[in-house]
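Enquirer: Below you will find the structure I want to go over with you.
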Amino acid sequence: MSITVRAAAKINLHLGVGRVREDGFHPLDTVYQAIGIHDDLTLTDAADLTLRTQVADHIDPAAVPEGSDNIVLRAARLLADHAGVGAAGAFEVRKDIPVAGGMAGGSADAAAALVAYDRLRDLRTPDEDLLALAARLGSDIPFSLVGGTARGVGRGEVVTPVEDLGSWWWVAVPSAEGLSTPVVYRHFDELRPDAPEVPASAEPLLAALASGEPVRLARALHNDLQEPAIDLRPELGDLIARGEAEGALRGMVSGSGPTVVFLCESADGAHETALGLAGAGHEVVLTATGPVAGAHVLA
Ligand SMILES: C[C@](O)(CO)[C@H](O)COP(=O)(O)OP(=O)(O)OC[C@H]1O[C@@H](n2ccc(N)nc2=O)[C@H](O)[C@@H]1O
Ligand SMILES: Nc1ncnc2c1ncn2[C@@H]1O[C@H](COP(=O)(O)OP(=O)(O)OP(=O)(O)O)[C@@H](O)[C@H]1O
């Protein structure tokens, strides 16, 4: 028997970051959106626990760890331990989400692994237990289970769905080389030693989402990690300016970067922006709509 689960990339429409906590994490007020770039994970019954990965052309296979360093196997072991069963099964992951790109690619795979393992083994794990296990694996992973558009607080792991009346068009431009999330957070600490304890509120962004108006949403987009990401990779600032010159309503760094995402007015606007960026020499330009579902079984 086997099962296939699809999990989406995320972007942060609002990412308010507060002063670093004693445990090394930062308090967040964020709004996540799942968008239509995804990884597919297939789990097949097997005696041992194994993993094979396949990557899209735009991904360097060497960037994806093998064996127990891969978060898929960590997720499977964690759920198996929780359920008191042995960890076994053959995982195959087909990756399309940029790696170390600020789009929660590893988090999507971990969420997909939890859902696949639970369903194939018929463990019937309550949703709240799956969310708690997801939070232990990483701050973004509960959102990867939930999907859609949702607010995240705490270190990002406490997730509540929010009203989103739009169907938004995005263009995403990954970088050839990833950026480490902890490095970007540390650089935020260096640049913003006076950061407030309470992160910038997501309320204005929520009001824009509920309007369904792309121009309003464009104005409300906010990312406190953009400044440190651009300071580490100055070319990202040029990329944002170029995409906006090609017709996007607004460009911003996705999460901790280095992927840059552009909000566009419409499907035509997205295609025009994507063509312009490809013409400017960006080899990988992805177009997607959001919101889309969280980790779910494919029929
Ligand atoms: C940048 C974002 O993608 C925005 O959604 C997330 O905050 C990152 O989430 P993630 O990759 O799931 O992060 P985790 O795996 O939980 O943590 C990796 C590292 O990122 C930093 N980290 C993460 C989340 C957070 N609220 N504060 C942090 O400072 C910490 O250094 C941590 O050791
Ligand atoms: N299944 C996986 N897919 C991608 N990276 C993985 C996976 N398992 C472990 N990793 C490791 O996790 C690191 C971060 O990868 P990921 O693609 O999740 O970054 P990210 O999208 O920037 O994350 P986030 O947006 O949640 O901060 C990679 O550099 C890689 O070493």
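Enquirer: Quick one: is Ala113 in a strand (DSSP E or B), among the hydrophobic types (A, V, I, L, M, F, W, C) and within 16 Å of ligand 2 (Cβ to nearest atom)?
Expert: Judged against the criteria, Ala113 is not a match.
Enquirer: Looking at the range 278-291, which of the residues that are closer than 25 Å to Asp224 by Cβ and hydrophobic (A, V, I, L, M, F, W, C) is surrounded by the most Cβ atoms within 10 Å (Cβ to Cβ)?
Expert: By that ranking, first place goes to Leu286.
Enquirer: Kindly establish whether Ser107 is outside any strand (DSSP E or B), modelled with pLDDT of 95 or more and of a type in the set (Ser, Thr, Tyr). Full working, then the answer.
Expert: Values: outside any strand (DSSP E or B): yes; modelled with pLDDT of 95 or more: yes; of a type in the set (Ser, Thr, Tyr): yes.
Answer is yes for this residue.
Enquirer: How many of the residues making up the range 37-58 are within 22 Å of Gly257 (Cβ to Cβ) and either surrounded by 16 or more Cβ atoms within 10 Å (Cβ to Cβ) or not assigned by TED's automatic domain parsing to the domain that holds Val146 (or both)?
Expert: Looking only at that region, the number is 4.
Enquirer: Same structure again: Among the residues of the range 243-263, what is the count of those that are outside any loop (DSSP other than H, G, I, E, B), free of Cβ contacts under 8 Å to residues at least 60 places away in the same chain and either crowded, with 21+ Cβ neighbours inside 10 Å or within 14 Å of ligand 1 (Cβ to nearest atom) (or both)?
Expert: 2
Enquirer: Considering every residue within the range 163-177, establish whether at least one is more than 29 Å from Asp238 (Cβ to Cβ) and aliphatic (A, V, I, L, M).
Expert: In the first step, residues of the range 163-177 are kept if they are more than 29 Å from Asp238 (Cβ to Cβ); the result is 163-165, 167.
In the following step, the residues that additionally are aliphatic (A, V, I, L, M) were identified as 165.
The answer is yes, given that some residue of the range 163-177 is more than 29 Å from Asp238 (Cβ to Cβ) and aliphatic (A, V, I, L, M).
Enquirer: On to the next question. State yes or no: is Ile11 crowded, with 24+ Cβ neighbours inside 10 Å and either away from ligand 1 (no atom under 12 Å from the Cβ) or farther than 16 Å from Phe143 by Cβ (or both)? Break it down stepwise before answering.
Expert: Details: crowded, with 24+ Cβ neighbours inside 10 Å: yes; either away from ligand 1 (no atom under 12 Å from the Cβ) or farther than 16 Å from Phe143 by Cβ (or both): no.
In short, no.
Enquirer: For the range 168-193, enumerate the residues that are over 23 Å from Asp57 (Cβ atoms) and out of contact with any Gly (no Cβ under 8 Å at 6 or more places or on another chain).
Expert: Within the range 168-193, Ser180, Pro182, Val183, Tyr185, Arg186, His187, Phe188, Asp189, Glu190, Leu191, Arg192, Pro193 qualify.
Enquirer: While we're looking at this one, here's another question. Taking Asp23, is it touching a Lys or Arg at 6+ places or on another chain (Cβ under 8 Å), within 16 Å of ligand 1 (Cβ to nearest atom) and acidic (Asp, Glu)?
Expert: No.
Enquirer: Follow-up. Just the residues that are within 12 Å of ligand 1 (Cβ to nearest atom) and in contact with a helix residue (DSSP H, G or I) (Cβ under 7 Å, 6 or more places away or on another chain), please, taken from the range 26-50.
Expert: His26, Val31, Tyr32
Enquirer: Same structure, new question: How about the range 195-223: which of its residues are over 17 Å from Ser254 (Cα atoms), in contact with a helix residue (DSSP H, G or I) (Cβ under 9 Å, 6 or more places away or on another chain) and part of a loop (DSSP other than H, G, I, E, B)?
Expert: Scanning the range 195-223 gives a single hit, Ala195.
Enquirer: Surrounded by 19 or more Cβ atoms within 10 Å (Cβ to Cβ), under 17 Å from Asp140 (Cβ atoms) and within 12 Å of ligand 2 (Cβ to nearest atom): is that true of Gly16 in this structure?
Expert: Against the criterion (surrounded by 19 or more Cβ atoms within 10 Å (Cβ to Cβ), under 17 Å from Asp140 (Cβ atoms) and within 12 Å of ligand 2 (Cβ to nearest atom)), Gly16 does not qualify.
Enquirer: Another question, then. For residues in the range 59-100 being in contact (Cβ under 8 Å) with a residue 60 or more places away in the chain and of a type in the set (A, V, I, L, M, F, W, C), which is surrounded by the fewest Cβ atoms within 10 Å (Cβ to Cβ)?
Expert: Checked the range 59-100; the qualifying residue surrounded by the fewest Cβ atoms within 10 Å (Cβ to Cβ) is Ala63.
Enquirer: Let me ask something else about it. So if I check each of Asp69, Asp140, which one is within 11 Å of ligand 2 (Cβ to nearest atom) and closer than 20 Å to Gly290 by Cβ?
Expert: Of the residues listed, the single one that is within 11 Å of ligand 2 (Cβ to nearest atom) and closer than 20 Å to Gly290 by Cβ is Asp140.
Enquirer: Okay, next question. Can you report the number of residues in the range 124-175 which are over 28 Å from Arg250 (Cβ atoms) and modelled with pLDDT under 95?
Expert: Number satisfying all stated conditions: 0.
Enquirer: Here are Leu114, Leu191, Leu179, Leu131: which of them is assigned by TED's automatic domain parsing to the domain that holds Leu275, surrounded by 16 or more Cβ atoms within 10 Å (Cβ to Cβ) and either polar (S, T, N, Q) or touching a helix residue (DSSP H, G or I) at 6+ places or on another chain (Cβ under 8 Å) (or both)?
Expert: Numbers: Leu114 fails: assigned by TED's automatic domain parsing to the domain that holds Leu275; Leu191 fails: surrounded by 16 or more Cβ atoms within 10 Å (Cβ to Cβ); Leu131 fails: assigned by TED's automatic domain parsing to the domain that holds Leu275.
Exactly one residue qualifies, and that residue is Leu179.
Enquirer: Is there any pair with a first residue in the range 132-143 that is closer than 19 Å to Ala83 by Cα and more than 8 Å from ligand 1 (Cβ to nearest atom) and a second that is modelled with pLDDT of 95 or more and not aliphatic (A, V, I, L, M) whose Cβ atoms are under 7 Å apart and which are 6 or more apart or on different chains, and what are they?
Expert: Leu133/His82; Ala134/Pro142; Ala135/Pro142; Ala135/Glu157; Pro142/Glu157
The values are calculated or read from the model by the stated rules, or taken from the named source; none is laboratory data. Not measured: the values here are computed from a predicted model. With ideal geometry, Cβ positions are generated from the backbone for all residues, glycine too; neighbour counts draw on all protein chains shown.
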